[in-house]
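Step one of this worksheet: look at the structure below.
The values are calculated or read from the model by the stated rules, or taken from the named source; none is laboratory data. Values in this document were obtained by computation on a predicted structure and should not be read as measured data. Ideal geometry is used to build each Cβ from the backbone, glycine not excepted, and the neighbour counts take in all protein chains shown.
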Amino acid sequence: MKILSITAGAAGMYCGSCFRDNALAVELIAQGHDVSLVPVYTPTRTDETNVSRHDVLFGGISVYLQQHSALFRKTPRFLDRLWDSPRVIAAFAGRAISSDARLLGDLTISMLEGRSGALGKEFEKLLDWTVHEPLPDVVNLPNSLLIALAAPLKQALGRPVLCTLQGEELFLEGLLPAYRDRALALIRAQVSEVDQFIAVSRHCADYMSAFLHIPKDRISVVPLGINMQGYERHTRSASDPFHVGYFARVAPEKGLHVLAEAYVRLRRRMGSASATLDAAGYMAANHRPFLEQVQRILADAGRAGEFSYRGEVDRQGKLEFLGGLDVLSVPATYDEPKGMFLLEAMACGVPVVQPRRGAFVEVVDQTGGGLLVTPDDPDALADGLYRLWANREETARLGAQAFSGVRQRYSVEQSAARLLDAYEIACRPAAEGVSC
């Protein structure tokens, strides 16, 4: 099958959606499929072999300039190529290009307005680009924020267009109300342009069906899958310090402050036993005060010396970090639709303690690799952590179930197979004349 897969760059940071899109492309290519993985906005960054194309559609600098100045909506293409260079975009990613929903209301609306909006020139450039590309069997968009690409791509290519749903509701909910309402109206009005939607979890499918007014029979669930290479189970002794870990973006919605509060309560119950709270993951500059708040929670309880923040880590750093944990917890304060960090921890045989919400419920239920507790409740989270510290046999059992369960349910090979099924479903209405 020949697949044109669009993926959204995240301004130079490691991004779970980029990881997913790239891992699936790698696996499908290994299976003999012809996959063209093309980034929009910025080049993607992954901690595995990156198979995305060098060229970038809707280059972040061009998009920014056209949004804020009508002059750049009329500049000739040869000038656009200067700032559309991936090298130039990468140099400015994370500085001139923001991914903060609070700052991107106008740009979000312009993108969703498609050819009739301020970014009309970029849509025309997209159509010109398709003329020189091999004709794909299917096209896959990375999220509903790019749904305005569906109609022009279908018109230009005459092929089914699918759209992945993988957490963009958090961005939409973060927009100012006027922008949020307008964005939702624009997305809902274009749902019919998409042949099939792909949700990364059952929770995601159910939520987005209601949120974006998508008929449930037009959503295929393709659970996340990870490449298990390099993930190993590490045996830890009950005499070692109890290592509690957090591996996600350092941002309020991911709940590191909840984990810090729970850790303080846990330590009160552990007596003189040793423990640490270790965190790793990307942190935007504007979230530095949040990290300082977390550090104050621990310092006020006399636990400052037991906390470490490792920053953003590469693949080897990730494997080493996760391999050194006794338990992982990312107590997100919203209904997380993905939870890739759970799969990564479980692949190392690390059990998890998670709030009973979002995709966490199905991941823990499917693998048997952890405990579920009351959301937004540091006491309940502390109870779950204490249970694993006090009963190392249970911790070992849950770790073994995590290790095997994630391999049985959440490998990238299984995810790729489900994705191909979704592509076949999308091709059926247009079966005549389409080789899928």
Exercise. Kindly indicate whether any position in segment 256-273 is in a loop (DSSP other than H, G, I, E, B), touching a strand residue (DSSP E or B) at 6+ places or on another chain (Cβ under 9 Å) and at positive phi.
Key: no
Quiz prompt | All positions within segment 383-413 that are under 26 Å from the mean Cα position of the chain (by Cα) and not in a helix (DSSP H, G or I) | solution = Tyr410, Ser411
Quiz item: Given the conditions (1) in a helix (DSSP H, G or I); (2) free of Cβ contacts under 8 Å to residues at least 40 places away in the same chain, which single one is not true for His203?
Solution: (2)
Self-check item: Selected residue [in contact with a Gly (Cβ under 9 Å, 6 or more places away or on another chain), free of Cβ contacts under 8 Å to residues at least 60 places away in the same chain and part of a helix (DSSP H, G or I)] from Ala178, Ala156, Ala148
Solution: Ala148
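Please go through segment 328-385 and pick out each residue that is polar (S, T, N, Q), surrounded by fewer than 24 Cβ atoms within 10 Å (Cβ to Cβ) and either farther than 23 Å from Ala251 by Cα or in the same structural domain as Cys15 (by TED's automatic domain parsing) (or both). Talk me through it step by step, then tell me what you get.
Here is the first cut: in segment 328-385, the ones polar (S, T, N, Q) are 329, 333, 354, 366-367, 374.
This time we only want the ones that are surrounded by fewer than 24 Cβ atoms within 10 Å (Cβ to Cβ), so: 333, 366, 374.
Within segment 328-385, Gln366 is the sole residue that qualifies.
Tell me, which residue of segment 259-289 that is in contact (Cβ under 8 Å) with a residue 12 or more places away in the chain and among the polar types (S, T, N, Q) is surrounded by the most Cβ atoms within 10 Å (Cβ to Cβ)?
To start, the set of residues in segment 259-289 that are in contact (Cβ under 8 Å) with a residue 12 or more places away in the chain comprises 259-267, 269-270, 273-284, 286-287.
The next check asks that each one be among the polar types (S, T, N, Q); those that pass are 274, 276, 286.
On the way: Ser274: 12, Thr276: 18, Asn286: 12.
Step by step, filter segment 259-289, then rank; the result is Thr276.
When you go through Leu325, Leu212 one by one, which is the residue that is within 17 Å of Met340 (Cα to Cα), surrounded by 15 or more Cβ atoms within 10 Å (Cβ to Cβ) and either assigned by TED's automatic domain parsing to the domain that holds Leu342 or touching a Leu at 6+ places or on another chain (Cβ under 9 Å) (or both)? Can you show your working first?
Numbers: Leu212 fails: within 17 Å of Met340 (Cα to Cα).
After ruling out the rest, the residue left standing is Leu325.
Please state which one of Ser5, Ser62, Ser52, Ser17 is out of contact with any His (no Cβ under 7 Å at 6 or more places or on another chain) and part of a strand (DSSP E or B).
Ser5
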Self-check item: Test set (1) under 26 Å from Ala400 (Cα atoms); (2) part of a loop (DSSP other than H, G, I, E, B) - Arg249 fails condition number
Solution: (1)
Quiz prompt | The listed residue being surrounded by fewer than 18 Cβ atoms within 10 Å (Cβ to Cβ), among the charged types (D, E, K, R) and at pLDDT below 95, out of Arg182, Arg188, Arg233, Arg202 | solution = Arg233
